[in-house]
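Worksheet for the structure shown next.
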Amino acid sequence: MKILIKNGHIIDPSQQIDGIGDVLIEEEKIKGVRSQKQNELRTQNSELRTIDAKGMFVIPGLIDMHTHLREPGLEYKETIKTGTLAAVKGGFTTVCCMPNTNPVNDHASVTEFILKRASEEGYCSVFPIGAITKGQKGEELAEIGTMKDAGCVAFSDDGRPVMNSLLMRRALEYSKIFGVPIISHCEDTNLSEGGVMNEGLLSTTLGLKGMPDVAEEVMVARDIALAELTGGRLHIAHVSTEGSVRLIRDAKERGINITAETCPHYFSITEDAVKGYNTNAKVNPPLRTKKDVEAIKKGLKDGTIDIIATDHAPHRIDEKLREFDFAPSGISGLETALSLSLRLVEEGVLTASQMVEKMSLNPARILGSLITHHLSLVAGSKGTLKPGADADVVIVDTIKEFKVEAEKFVSKGKNTPFDGWMLKGIPIITISMGRMYEWQ
């Protein structure tokens with residue numbers, strides 16, 4: 001089938017396009033983009049589906065560099081099938097899945113299983129992230145080269161930090177050799193041990209052990225120093241504190257090879273969401289304070305933070321219904337990330353083009369050569385509407401308001417602190433590799 005999207009507000013930072021026009025899709029590829037001033041896009045095939053996108057954004061499919069799909073081994077929380085369905089419903093056409101599965105994705109055989117299952121049951125493109133260390137135990141490096149060849153596009157022990165600085169140095173050295181990012185979960189577990197929320201007056205009031213800002217920041221500083229030493233490719237995951245933003249900004253100004261991400265919950269809510277012992281607001285790193293939220297927004301605005309990722313971490317309902325100390329950390333984020341990020345546009349923190357850049361183009365740039373290699377596709381196949389790129393397109397109704405209803409999530413994970421919120425802006429059609437999904 002050929003698809004012609006007409007009269008939409010096309011936003012494609014890769015081509016500096018921000019205006020009304022049409023997009024033509026043929027044979028799972030972008031055939032062309034036409035502005036109002038250009039000639040009409042032509043197609044020879046009578047089997048043409050025309051979509052009128054007047055008044056809506058038409059953007060490249062979103063790319064999530066930080067998703068937990070839970071399969072293999074934890075399918076009761078999420079599967080590749082349910083997780084990728086949640087992704088396309090949220091406007092994501094590519095997800096990169098973290099390795100903290102059971103077994104851990106620390107071996108080529110696990111990587112191959114994930115890719116096989118994704119090809120059989122996935123609704124969007126899935127790229128595995130391999131573990132830095134075997135079993136994510138922080139004791140011995142995994143086979144990074146072999147796993148890259150099997151299909152891993154980055155490496156991380158996410159959920160656990162690599163506390164051993166020598167191991168982290170070696171990982172960054174390998175990242176330079178193999179051309180892959182090392183995604184760092186920055187947490188000094190000696191400082192954060194036993195903590196379940198942000199350390200401060202509120203944690204004291206609630207009688208909960210806190211995790212101080214510096215538990216994140218000292219590891220950000222360490223990894224920046226190691227990246228400077230090795231010249232490796234460092235990516236800082238889920239930035240949550242003002243101090244981390246400052247450290248990353250300074251590192252970039254000094255020319256260190258570093259990128260960074262944050263998540264919607266770190267610029268949308270503060271530690272106050274924990275009041276009432278709300279376990280759906282328990283996340284690691286924890287929700288911080290208003291000054292941290294403002295610093296995150298400033299870091300997004302000035303380019304210090306390159307990416308908005310979801311850190312989609314689904315859990316079963318009964319797990320989150322435990323006492324706060326024992327409930328697992330994590331938010332089910334794929335189905336609310338775009339709408340929450342559009343709030344930044346409404347607030348004037350980001351332009352619409354900058355938001356798309358952080359949710360599509362920048363992840364594609366960081367991972368581009370790897371995802372191109374493993375799909376045997378032309379360069380620039382993701383995060384763009386250039387002719388020849390994958391037909392990954394999202395049509396977004398930016399005006400439509402809706403109520404977040406966690407029980408209606410297609411993800412198995414219903415754990416969200418945004419349940420009951422009224423949000424504006426929602427994907428109504430997601431096209432992933434030419435396959436179209438429509439949402440009411």
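Brief remarks follow.
- Exclusive hit being assigned to a helix (DSSP H, G or I) and under 21 Å from Met65 (Cα atoms), set Arg222, Arg249: Arg249
- Cross-chain or 6+ apart pairs with Cβ under 8 Å, the range 127-140 first and at negative phi, then among the acidic types (Asp, Glu) and crowded, with 18+ Cβ neighbours inside 10 Å: Ile129/Asp158; Gly130/Asp106; Ala131/Asp106; Ala131/Asp157; Ile132/Asp157; Thr133/Asp106; Thr133/Asp157; Lys134/Asp106
- Filter result for the condition that a residue is in contact with a strand residue (DSSP E or B) (Cβ under 6 Å, 6 or more places away or on another chain), of a type in the set (S, T, N, Q) and either surrounded by fewer than 24 Cβ atoms within 10 Å (Cβ to Cβ) or at pLDDT below 95 (or both), over Ser268, Ser192: Ser192
- Flag for Ala142 being small (Gly, Ala, Ser) and either in contact with a Cys (Cβ under 9 Å, 6 or more places away or on another chain) or under 20 Å from Ala281 (Cα atoms) (or both): no
- Qualifying residue in the range 160-183 (condition: within 18 Å of Ala281 (Cβ to Cβ) and assigned by TED's automatic domain parsing to the domain that holds Ile366): no
- Of all the listed residues (Gly232, Gly276, Gly243), the sole one being surrounded by fewer than 24 Cβ atoms within 10 Å (Cβ to Cβ) and part of a loop (DSSP other than H, G, I, E, B) is Gly276.
- Scanning the range 403-438 for residues that are more than 23 Å from His68 (Cα to Cα) and either without any contact (Cβ under 8 Å) to a residue 60 or more places away in the chain or not in a strand (DSSP E or B) (or both) returns Lys403, Gly420, Trp421, Met422, Gly434, Glu438.
- Any strands (runs of 3 or more DSSP E) falling wholly within the range 1-111 and containing at least 2 residues that are among the charged types (D, E, K, R): 2-12, 17-26, 29-35, 48-52
- Looking across the range 164-180, the residues that are closer than 14 Å to Asp223 by Cβ and crowded, with 22+ Cβ neighbours inside 10 Å come down to Met168, Ala171, Leu172, Ser175.
- The range 306-358, residues that are under 25 Å from Asn100 (Cβ atoms), in a loop (DSSP other than H, G, I, E, B) and over 19 Å from the mean Cα position of the chain (by Cα): Arg316, Leu321, Arg322, Glu323, Phe324, Asp325, Phe326, Ala327, Pro328
- The range 57-93 - residue that is within 19 Å of Ile431 (Cβ to Cβ) and among the aliphatic types (A, V, I, L, M) and, of those, farthest from the chain's Cα centre (by Cα): Val58
- Cβ pairs under 6 Å, 6+ apart, first in the range 73-102 and surrounded by fewer than 24 Cβ atoms within 10 Å (Cβ to Cβ), second of a type in the set (A, V, I, L, M) and assigned to a strand (DSSP E or B): none
- Residue match in the range 193-203 (condition: part of a loop (DSSP other than H, G, I, E, B), assigned by TED's automatic domain parsing to the domain that holds His265 and in contact with a helix residue (DSSP H, G or I) (Cβ under 6 Å, 6 or more places away or on another chain)): no
- Of all the numbered requirements in (1) touching a residue at least 60 places away in the same chain (Cβ under 8 Å); (2) of a type outside the set (A, V, I, L, M); (3) crowded, with 24+ Cβ neighbours inside 10 Å, Asn105 misses one, and that requirement is (1).
- For first residues located in the range 215-237 and modelled with pLDDT under 95, partners that are assigned to a strand (DSSP E or B) and lie 6+ apart or on another chain with Cβ distances below 6 Å do not occur.
The values are calculated or read from the model by the stated rules, or taken from the named source; none is laboratory data. Everything quoted here is computed from the prediction, not taken from an experiment. No Cβ is skipped: glycine too gets one built from the backbone with ideal geometry, and neighbour counts run over all protein chains shown.
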